[in-house]
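Since the structure comes first, as structure tokens, the remarks are kept for the end.
The values are calculated or read from the model by the stated rules, or taken from the named source; none is laboratory data. Given the structure is predicted, the values throughout are model-derived calculations rather than measurements. Cβ coordinates were reconstructed from backbone atoms using ideal geometry, including for glycine residues, and neighbour counts include every protein chain displayed. Areas reflect the complete protein model, heavy atoms only, side chains present, ligands, DNA and RNA absent. Shrake-Rupley method; radii C 1.70, N 1.55, O 1.52, S 1.80 Å.
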Amino acid sequence: MFLRIVLAGCLLASSHAGSVTSRSDSDPSPSSALPSTIQPVTELIIANKVIAPDGFARSATLAGGMFPGPLIKAQKNDNFSINVVNRLQDKNMALSTSVHWHGIQQKKTNWADGASFITQCPIPQNRSFLHQFTAPNQTGTFWYHSHFSTQYCDGLRGPLVIYDPDDPHQELYDIDDESTIITLSDWYHDPTTKLNKILGPVTYNSTLINGLGRYRGGPKSPLSVINVEQGNRYRFRIIGLSCDPSYNFTIDGHVMTIIEADGIETVPVTVDSLPVLAGQRYSIVVHANKPVDNYWVRAPSNFANQTFVGGLNQAILRYNGAPDADPTSSPGPYILPFNEANLAPLISVPVPGFPEIGKADVHINLLAVTINNLFRVNDVQYHNPPTPVLLQMLSGARHPSDLLPSGSVYELPSNKVVEITFPNTGLAFGGPHPIHLHGHNFAVVRNAGSNTTNFVNPVWRDTVSMGSTGDNVTIRFVTDNSGPWFIHCHIDFHLNHGFAVVMAEARDQLADVNATIPESWASLCPSNEQSRLVSINTTRHT
């Protein structure tokens, strides 16, 4: 029987502790609660609340009543048991929800991935769903966000970090805690129920760094302050919580040494600017070795007409002993540019398969184009199926053509090397497109901006830039994780308008997933789907 009863018991939320930022204003705005920390065994309340992180008040969809949501702080090999509780009431926004744990591979727990209509039915109002999973051998910087429509753009997004007591880079830094997490996000004054009707570019109102920022023509709302002590070395975990724009992250007067990309430790590389696309994460080491003062932290986006006037797109790096004042620092000069091709895993990870493009067991070419402001991948616009793909696979659909949404599901056999290319013909507007694969890290054997392949020591990650016109980014991974896995543009409006496909992986290994599925998973679906589950279960096991 593939359904199992969830063990009863109370989930105890941990006490809140530690703040990520202080404010640059003596009268803190009520817009954003001080960030808190929760443990991997917890309850995560999803509810509506009016906040004003940039000085403009709006109703938002929040985890834990704050933006960003509370830090989920785990240790290596911790068990996760997170009960997501839907208390949404604002009818001007989505009332169902789901939460995806971005970057967590969900080995044998595909059902807990949190992707609506792929691995589960959404969580209805006044219901909850318990996500139980492990992350063996995964440490580093991750995040969580809604995976229902474009709901995370309304606020449901927050950091998740798995700390490694044996971090091989620990000699490079002195401080790595809640105060060194830096989130970059866009913010919208209109709810996404309105924004989703826009066919074409959607313009955000402000950039928020650690949940605070300002918008053009708006008030002098408080900015985030990142406090440092002169002489210390800080591991800053940079998390791209964006729904759309990518950011160029810099700290005036300071260089940054990259030591992690998307949960994978890298050979240290020093840069003075860092592009961060939606869904990407980096750890950087910054040595606070400059004179005691205030320095601008800058995050201009890839959108046109970026400015720092009035504190826009900025936060403050404040040395202990510096006055409570805005910085007077200047940007640049930038002479150590970021190049993804220079990143390599600290511990070499062999690239699977024969070291030549096109010589993997399975090769898939995913060509994205925009037609009438809607996206198509290989000439098919993705639409949510009426039944989650995992349920379809468990139901016994035997051929890829049987799986919905028709034309968007690619069957992958188990234990094979898969190579996927993303040719950028310039026909998909709104780049650079961050491509995220659920359930896997992958080797980036051909990077954006390069025609050269690297089968020796390429970076491994889970979200990669598709680059610009003429690029042909190529990734590889092994099909060792059974279930349906979303692969999509992480610009949420692009996903909502069709930029996605599903990899139906290792169907013959689904028994391992079946064994972990709780009874409550079926109850999320409408009554007709619940009946179908019972029928399937009875038919298959009698």
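Taken over the stretch 382-406, the criterion of being open to solvent by less than 40 Å² (accessible area, probe 1.4 Å) and closer than 25 Å to residue 197 by Cβ is satisfied by 382, 385, 405.
Return yes when residue 193 is among the hydroxyl-bearing types (Ser, Thr, Tyr) and either in a strand (DSSP E or B) or within 19 Å of residue 434 (Cα to Cα) (or both) and no when it is not. Here the answer is no, as residue 193 does not meet what is asked. A count restricted to the stretch 106-120 and to residues that are of a type in the set (A, V, I, L, M, F, W, C), open to solvent by less than 10 Å² (accessible area, probe 1.4 Å) and assigned to a loop (DSSP other than H, G, I, E, B) stands at 2.
The residues listed here are 220, 197; of these, the one that is more than 28 Å from residue 430 (Cβ to Cβ) and out of contact with any Leu (no Cβ under 9 Å at 6 or more places or on another chain) is 220. Note on the stretch 198-237: residues that are free of Cβ contacts under 8 Å to residues at least 60 places away in the same chain and either crowded, with 22+ Cβ neighbours inside 10 Å or touching a Pro at 6+ places or on another chain (Cβ under 8 Å) (or both) amount to 1. Taking the condition farther than 30 Å from residue 265 by Cβ, at pLDDT 95 or above and part of a loop (DSSP other than H, G, I, E, B), does residue 405 pass? Considered against the rule, which asks whether it is farther than 30 Å from residue 265 by Cβ, at pLDDT 95 or above and part of a loop (DSSP other than H, G, I, E, B), residue 405 comes out as yes. When residues in the stretch 364-381 are screened for being hydrophobic (A, V, I, L, M, F, W, C) and within 11 Å of residue 494 (Cβ to Cβ), 4 of them pass. Inside the stretch 155-190, residues that are β-branched (Val, Ile, Thr) and either farther than 30 Å from residue 61 by Cβ or open to solvent by 10 Å² or more (accessible area, probe 1.4 Å) (or both) make up a count of 1. Just so you know, in the stretch 289-314 the residues that are surrounded by 19 or more Cβ atoms within 10 Å (Cβ to Cβ), in a loop (DSSP other than H, G, I, E, B) and of a type in the set (A, V, I, L, M) include one that is nearest to the chain's Cα centre (by Cα), and it is 299. Scanning the stretch 288-327 for residues that are within 21 Å of residue 243 (Cα to Cα) and of a type in the set (Gly, Ala, Ser) turns up 299, 301, 304, 315.
Please verify whether residue 432 is farther than 30 Å from residue 522 by Cβ and in contact with a Leu (Cβ under 7 Å, 6 or more places away or on another chain), treating the condition exactly as stated. Step through it out loud before you land on a result.
Numbers: farther than 30 Å from residue 522 by Cβ: yes; in contact with a Leu (Cβ under 7 Å, 6 or more places away or on another chain): yes.
Judged against the criteria, residue 432 is a match.
Pairs meeting the criteria (first residue in the stretch 70-89 and farther than 27 Å from residue 179 by Cβ and at pLDDT 95 or above, second residue hydroxyl-bearing (Ser, Thr, Tyr) and open to solvent by less than 10 Å² (accessible area, probe 1.4 Å), beta carbons under 8 Å, at least 6 apart or on different chains) are 83/42; 86/97; 88/61; 88/97. Taken over the stretch 47-63, the criterion of being open to solvent by 10 Å² or more (accessible area, probe 1.4 Å) and touching a strand residue (DSSP E or B) at 6+ places or on another chain (Cβ under 6 Å) is satisfied by 47, 48, 49, 50, 57, 59. Mind checking which residues of the stretch 341-381 are free of Cβ contacts under 8 Å to residues at least 60 places away in the same chain, open to solvent by 60 Å² or more (accessible area, probe 1.4 Å) and not in a loop (DSSP other than H, G, I, E, B)? Scanning the stretch 341-381 gives 363, 365, 371.
Each row is one residue, and each column tells you yes or no for (1) of a type in the set (D, E, K, R); (2) at pLDDT below 95; (3) in contact with a Ser or Thr (Cβ under 6 Å, 6 or more places away or on another chain).
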position: 319; (1), (2), (3): no, no, no
position: 343; (1), (2), (3): no, no, yes
position: 349; (1), (2), (3): no, yes, no
position: 371; (1), (2), (3): no, no, no
position: 375; (1), (2), (3): no, no, no
position: 378; (1), (2), (3): no, no, no
position: 395; (1), (2), (3): no, yes, no
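Here the condition is being closer than 13 Å to residue 237 by Cβ, in contact with a Gly (Cβ under 9 Å, 6 or more places away or on another chain) and among the polar types (S, T, N, Q); of 180, 141, it holds for 141 alone. Among 483, 426, 449, 470, which is of a type in the set (Gly, Ala, Ser), in contact with a Phe, Trp or Tyr (Cβ under 8 Å, 6 or more places away or on another chain) and either modelled with pLDDT of 95 or more or on the phi > 0 side of the Ramachandran plot (or both)? None of the other options fit; the residue is 483. Has the stretch 295-304 got at least one residue that is of a type outside the set (A, V, I, L, M), touching a His at 6+ places or on another chain (Cβ under 8 Å) and within 18 Å of residue 232 (Cα to Cα)? Yes, that holds for at least one residue. Residue count for the stretch 78-105 under the criterion of being open to solvent by 40 Å² or more (accessible area, probe 1.4 Å) and in a loop (DSSP other than H, G, I, E, B): the result is 5. Do you know which of the residues in the stretch 315-340 that are outside any loop (DSSP other than H, G, I, E, B) and within 18 Å of residue 288 (Cβ to Cβ) is most open to solvent (accessible area, probe 1.4 Å)? Among those that are outside any loop (DSSP other than H, G, I, E, B) and within 18 Å of residue 288 (Cβ to Cβ), it is 318.
In the stretch 34-46, the qualifying residues are those that are open to solvent by 30 Å² or more (accessible area, probe 1.4 Å) and not in a loop (DSSP other than H, G, I, E, B), and the one that is farthest from residue 97 (Cα to Cα) is 41.
Entry remark, the stretch 199-216: residues being at pLDDT 95 or above and either in contact with a helix residue (DSSP H, G or I) (Cβ under 9 Å, 6 or more places away or on another chain) or not aliphatic (A, V, I, L, M) (or both) number 12 in total.
Looking at this structure, is residue 145 over 30 Å from residue 110 (Cα atoms), in contact with a Lys or Arg (Cβ under 8 Å, 6 or more places away or on another chain) and in contact (Cβ under 8 Å) with a residue 24 or more places away in the chain? No, not satisfied.
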